[in-house]
Amino acid sequence: MYEKTKSHMLHASVSNLFDNLDILIEDHKDEGMSSSISLACVNQFEINFVHSAFGITSSTSKIIVEKSEEMKSIINQAKWCRLHNQDVFVVANYEGVLVYDAKGLVMMFWHGIQPNTDALDFNLFCRGIACVDNKFICVGSSIGQVLIITPHKSSFHLYKTRHDHDVAITSLAATDDVTCKVNFVSADDKGSIFCYNFTAQSISNISQTSCDGIPCTSVKIADNDMVIAGYMTGYINIINSLTGLVMARINAHARILTSLDVIKQPSTGDVYAVSVGEDSYIRVWEIRNKSKLQIKQVWYHALSDVQPCGVKFCDKQGKSFLTSCYDTKEVLQFSRT
């Protein structure tokens, strides 16, 4: 179904973090040219970027915080957020939240969480990034808070905080599909998942999954009132986002599931999920939830001598996807045959 078609070379290797890959696709319709794609992966204290447009590819890295070795703040996650009038690049680390322009060159906003500026408390950190309604940048924290940041005049400000979790947040997800009753989801170190209806007027908690103590490593919102979550056990849970009940559990990977991504095919309405784990396998799942829930593995591939830690579909049709691997500079692209 898929085969490796291309490799994108990073400036430096990739850290062993969950969901350690993000992409930004920009359409150039006004110029009558094809879209450009940018990739970003975290490498300890810096971000590796690859920009590819009009047949030209460039690879760069940016050190987010230049400090002494004892004060360097390891980055936990980095992701692009598409707002109404601009794309921004958001970084979550031990110091707090940093918002940059789309190319990661200019810092536009910073919100610190450390009480002492002279020494880092490594029990405090930010992790998990999502953008809701093209307006709200949501970032999770180690104390279970979700920091909600919005544009304000020519910069940004902390709009409000939400505190439903009692342990560290591991992953956040959002959808811009207006038909979904649940458009924001948060997951934590105990495996609890909270589903919300997030609007400019209110944030309503719709459901919560039962807590089993297994950390959730990655969570995504699918169509048909489904949330898809991956865990440290290698399992994938298909959850009803309106009730919080687990509809199905897939024994997807033999080791920790490190990343997953979800798309809904516009033509058929079927949901496709791609997952990667420390067992070195990439697996693609077809999920149908019409008259009854049907799950089928449609493709798998074992990578040789590498451990994937990030995966993202490149388009809404699922024609291709990218995967990054720990301690390598190569981002692999797989395309449908």
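Summary of computed values
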{"read-out": "Gaussian network model of the chain, springs between alpha carbon atoms under 10 Å - residue of 145, 294, 265 with greatest fluctuation", "value": "294"}
{"read-out": "For the stretch 137-207 versus the stretch 300-336, the gap between their alpha-carbon centres in whole angstrom", "value": "27 Å"}
{"read-out": "Potential lengthening between residue 302 and residue 134 on full extension [0.36 nm per residue; Cα-Cα distance subtracted]", "value": "56.8 nm"}
{"read-out": "Overall Cα dimensions of the stretch 110-258, principal axis frame, Å, largest first", "value": "44, 38, 21"}
{"read-out": "Among (i) 6, 27, 37, 25, 6, 0; (ii) 5, 20, 27, 23, 14, 7, 3, 1, 0; (iii) 5, 24, 30, 20, 12, 7, 2, 0, the entry derived from the coordinates for P(r) over Cα pairs in 10 Å bins from 0, in percent", "value": "(i)"}
{"read-out": "Listed pairs 135/329; 6/319; 62/160 exceeding 25 Å between Cα atoms", "value": "135/329; 62/160"}
{"read-out": "Equivalent ellipsoid semi-axes, the stretch 91-135, via Cα gyration tensor eigenvalues times 5, rooted, Å", "value": "22, 13, 8"}
{"read-out": "Pairwise Cα inverse-distance average, inverted: Kirkwood Rh of the stretch 172-256 (Å)", "value": "12.7 Å"}
{"read-out": "Label-point separation, residue 108 to residue 86 (7 Å along Cα→Cβ), nm", "value": "0.4 nm"}
{"read-out": "Backbone N within the stretch 84-107 under 19 Å of label point (7 Å from residue 44 Cα along the Cβ vector)", "value": "92-95"}
{"read-out": "Relative contact order of the chain, pairs being alpha-carbon contacts under 8 Å that are 6 or more residues apart, as %", "value": "14 percent"}
{"read-out": "Dipole of the stretch 145-194 [Lys/Arg +1, Asp/Glu -1 at C-beta], most positive-end residue of 192, 172, 149", "value": "149"}
{"read-out": "Prolate/oblate/rounded call for the stretch 40-162, Cα gyration tensor, a/c under 1.5 rounded", "value": "oblate"}
{"read-out": "Candidates per chymotrypsin sites (Phe, Trp or Tyr not before Pro) in the stretch 181-280, loop by DSSP, up to 13 other Cβ within 10 Å", "value": "none"}
{"read-out": "Cysteines having no other Cys beta carbon under 4.7 Å from their own, within the chain", "value": "41, 126, 138, 180, 195, 211, 216, 309, 314, 325"}
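Since every read-out is calculated from the coordinates, none of them should be taken as a lab result. Predicted, not measured: the structure shown is a model, and the values here were computed from it. Here the Cβ is made from the backbone with ideal geometry for all residues, glycine too, and neighbour counts use every protein chain on show.
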